[in-house]
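Working notes, structure below.
What follows draws every value from the coordinates through simple rules; no lab data is involved. Please read all numbers here as calculations on a predicted model, not as lab measurements.
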Amino acid sequence: MSKNIVRKIVSAALFILSIFFIWLIFSETSGSLGENKSFIYFGALFFSNLFLFVLTFTFQTEKIYIKTKYVNEEKDKESEKSNEKIRSETELKINNIISELERPQKDRKFSELILKAFAKEFYIVQGLVYVKDKNKFKVSATYAMYNNNKIHDFSEGEGISGQVAKSKKIKQISDIPDEYLQVVSGLGASSPKSLLFIPILSGNETVAVIEVAAFDKFPYDLEQFHSKLNILLAEKLKNTESDK
């Protein structure tokens, strides 16, 4: 039981006891004072006692309210600082990816450079870039794909990648079951815990989908930087695909 509740119970009990003793006193003295004076004195003491009780109770409640408000404000400040720090870190990573992709690169497909940049900043363990070709999204580049499963093309709306292409919004899936996806590395076979799907838009059309996997969760605020990343990727992918 909290101190606040105990304080309230004790205050109420003392108030009831004080009223009881006041009544006993005036019951004994009512004959000598007269009935009218006894009730006047009793009423005065009763309401004085009630006023003191309410004042004390309100004061304690106000103290608790102020303390609670202060604690909540401090928590909000800490949360805001934490969110701002995360946002700054995410923005830095996105800016680094953009800077990396803006550099002239020779003998490398742009879609491969995308996955390389993501691996550097977000420590991805697997990745795919699908580029739209007519009505199908086809694999343009892969990263650390060592399993023997065939990678299938998809249409808009088919599977998770297809749904992302249709919704045109970033999607993150965390806490993936161990059997969902296997990543093979020099350390053995293990499973990533987060998948990230990023649609690349040209106008109102999804022209590519990036799918990457990592052992740690991706930043929750990535969607805030989607448009910034999208502008560069859409233009570059469009140019590289048209050069084929």
Q. What pairs from LYS120/LYS168; LYS138/LYS228; LYS136/LYS171 go past 22 Å between their alpha carbons?
A. LYS120/LYS168; LYS138/LYS228
Q: Could you go through the stretch 109-120 in sequence order and give the Karplus-derived ³J(HN,Hα) for each residue, using 6.51 cos²θ - 1.76 cosθ + 1.60 with θ = phi - 60°, rounded to whole Hz, and x for Gly and Pro?
A: 5, 5, 4, 5, 5, 4, 5, 4, 5, 5, 5, 5
Q) Which cross-chain or sequence-distant (5 or more) residues have an amide H under 5 Å from the amide H of GLU158, H modelled 1.01 Å from N in plane? A) GLN163
Q. Can you give the alpha-carbon Rg of the stretch 74-123 over 2.2 N^0.38 Å, where N counts its residues?
A. 1.58
Q) What residues qualify as long-range amide H neighbours of ASP133, i.e. H under 5 Å apart, gap of 5 or more or another chain, H built at 1.01 Å from N? A) LYS138
(Q) Under the rule a/c < 1.5 gives rounded, and otherwise a/b versus b/c splits prolate from oblate, where does the stretch 119-171 land using the Cα gyration tensor? (A) oblate
Q. Given H placed 1.01 Å from N in the peptide plane, which residues other than close sequence neighbours of SER202 have an amide H under 5 Å from its amide H?
A. VAL207
Q. Along the stretch 160-169, what does the Karplus equation 6.51 cos²θ - 1.76 cosθ + 1.60 (θ = phi - 60°) give for ³J(HN,Hα), rounded to whole Hz, x for Gly and Pro?
A. 5, 4, x, 5, 5, 4, 6, 6, 6, 10
